[in-house]
Amino acid sequence: MTPAMRLSRPLTIYATIVLCLSIALLTLHTYSPMASIPTLSSHTGGGGIPPSYYNNDGLDVPDANDEEHVPDVVLRANATLLMLARNSEINAAVLTVKELEDQFNHKYRYPWVFLNEQFFTEEFKQRVSILTSGPVYFEKIPDEHWYQPNSINEAVAEEERRKMEDDGVIYGGSVSYRNMCRYNSGFFYRHPLLQNFKYYWRVEPGATFHCDVNFDPFVFMQENNKVYGFTITLYEFPRTIESLWSTVRDFTTEHPEFVSPNSAMDFISDDEGESYNLCHFWSNFEIADMDFWRGPAYTAFFDYLESRGGFYYERWGDAPVHSIAAALFGGTDRIHFFNEIGYEHPPFTHCPSSSELWRLGRCTCDLANNVDYNEHSCFWRWGRMSGQ
Ligand SMILES: Nc1nc2c(ncn2[C@@H]2O[C@H](COP(=O)(O)OP(=O)(O)OP(=O)(O)O)[C@@H](O)[C@H]2O)c(=O)[nH]1
Ligand SMILES: [Mg+2]
C-alpha cells in the first residue's frame, strides 16, 4: 500500500458512510409520511392546515374489544359526524362510514348522528354500529321539519313540478327531493339531539374519502373562527333557482346589517351583486358551525326564503342557499377550503392539489383527476379571492 493509498483510505470510508446516510435519509423522506410534517407549510400554499394541527405523534388506535386500553384521545371540539339517509341506502352508508372511520374518526372518536324521516331499521342500526368508534345516534326527524308545509299551494307546486320534469330537470318532479333540500337548508340543526352540538361534518351515503385525515378539522374551525368548510365548488342548474337571487337581493335590501363587510360576493357574483353566477359550495360535503345557521342572520334569511315558497314552487337546493348565506353573512375569512381532504361524490372528485398533501394523506385519488381545475368548478374564483 502506497502512502497515498494509506491516506485516502479513511477518506473513502468517510465518503461511503456519508453516502449511505444520505441515501437512508432520502429514503426515509420518501416513504415516511410523518417525516415531512414539519416542512408541510411550505408545500401547501396559502391557507392550508398548519402543521400544529396534525396528529403526528403516532396513532393510538383503539381496539374495540380491549376495555383496558383506553387511548389518549380527547374530544376537543363540540362536534358530530352527520348523515341523512334512507334505510334503503344502507349498503352505500356502511361503505362511507367505514372509510371515514378508518381514515379519520378512529383517531378522534367523534359521535355520529344518523337522521331519517322514517324510523331506522334494526338492520341499518346494527350494520352501522359495528363500524363506529364513538357514540352513535339514530334519530327520526320530526314530521313538521320534513314534509311540505300547508303554506304551499300544492296545485301550483304540482304544476311547476310537471313543467320542470318536462324540461328534463334532474329531480324536477320529485317532492321528496324538495323535502330533503329544504330540510338540509333550514331544519337539521333544529333537531333536538343536534342542539347539543356546534360543529358537524355532513357525510352522504356513497361518498368516498380518499385520504387519511391526520388533523382535527373541527378544532381547526373552532380555533380559526370558521363557519363553513368545503372541498368542491360547482355551478347550479339555473332552472332550479330562477327567483332565488332576486329573493336574496330583496332580503339584503331589507337587512343590510346582516351582510359582512368582508363578504365573499365576488365568489357568487361577477357583477358586484347584480346577478348570481351560480357558484356554490357542493353541500354534500360540509364541515360547518350550526350556531351560524341558528344565528339571527341565517334564521331571518331562511324564514324569508321559506315565505317565498321557492323550495317547492322551484327546486331551491341547500347548496346555493347555504353558500350564498356563508358568502354574504359569514364572509371570506370565515369560509375554509379543505384542500387536504380527498373527497368524491360521483361524478366529481376533489384530490389535494399538492403532491406533498397527497403523499402525506396516502390518498387513493388520482392527482390529475381534480374537479377544481376543470370547467365544472368555480374554484378559480375562490382562489382569486381568498389567496388559497
Ligand atoms: N331519509 C331520507 N334521506 C334522503 C331522502 N332523499 C335524499 N336523502 C338523503 O339526502 C342526501 C342527498 O340526497 P341525494 O339523493 O344524494 O341527492 P344529491 O346528492 O343531490 O343527488 P345524487 O347526485 O343523486 O347523489 C343523501 O344523504 C340522501 O341519503 C329521503 O327522502 N329520505
Ligand atoms: Mg348525493
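Have a look at V248, N374, N184 and report the one farthest towards the positive end of the charge dipole of the stretch 79-386, computed about the Cα centre with Cβ charges (Lys/Arg +1, Asp/Glu -1).
About the Cα centre, the residue reaching furthest to the positive side is N184.
Which value results for Rg/Rh of the stretch 79-386 when Rg is the Cα radius of gyration and Rh the Kirkwood radius based on the inverse mean 1/r?
0.94
What's the lysine pair count for the stretch 79-386 at a Cα cut-off below 18 Å, pairs eight or more apart or interchain?
4
Can you tell me how much longer the chain between K163 and T121 gets when fully stretched, taken as 0.36 nm per residue apart minus their C-alpha distance, in nm with one decimal?
Full-extension gain reported as 11.5 nm.
Based on the Cα atoms of the stretch 101-147, what semi-axes does the equivalent ellipsoid have, where each is the square root of 5 times one gyration tensor eigenvalue, given in whole Å with the largest first?
24, 12, 7
Consider all pairwise Cα distances in the stretch 245-388 and report the whole-number % of them above 27 Å.
26
Show me, for the stretch 166-179, the HN-Hα J-couplings you get by feeding each phi into the Karplus relation (A = 6.51, B = -1.76, C = 1.60, θ = phi - 60°), rounded to Hz, glycine and proline as x.
Running phi through 6.51 cos²θ - 1.76 cosθ + 1.60 with θ = phi - 60° gives 4, 7, x, 6, 4, 6, x, x, 9, 7, 5, 5, 5, 4 Hz.
Relative to the Cα centre, what is the charge dipole magnitude of the stretch 103-155, using +1 at the beta carbon of each Lys and Arg, -1 at the beta carbon of each Asp and Glu, and rounding to the nearest 20 debye?
Here the stretch 103-155 has a charge dipole of around 520 debye.
Every read-out reported here was derived from the displayed coordinates using simple, explicitly stated rules and does not represent laboratory data. Note that the structure is a prediction, hence the values are computed from the model and not measured. Cβ coordinates were reconstructed from backbone atoms using ideal geometry, including for glycine residues, and neighbour counts include every protein chain displayed.
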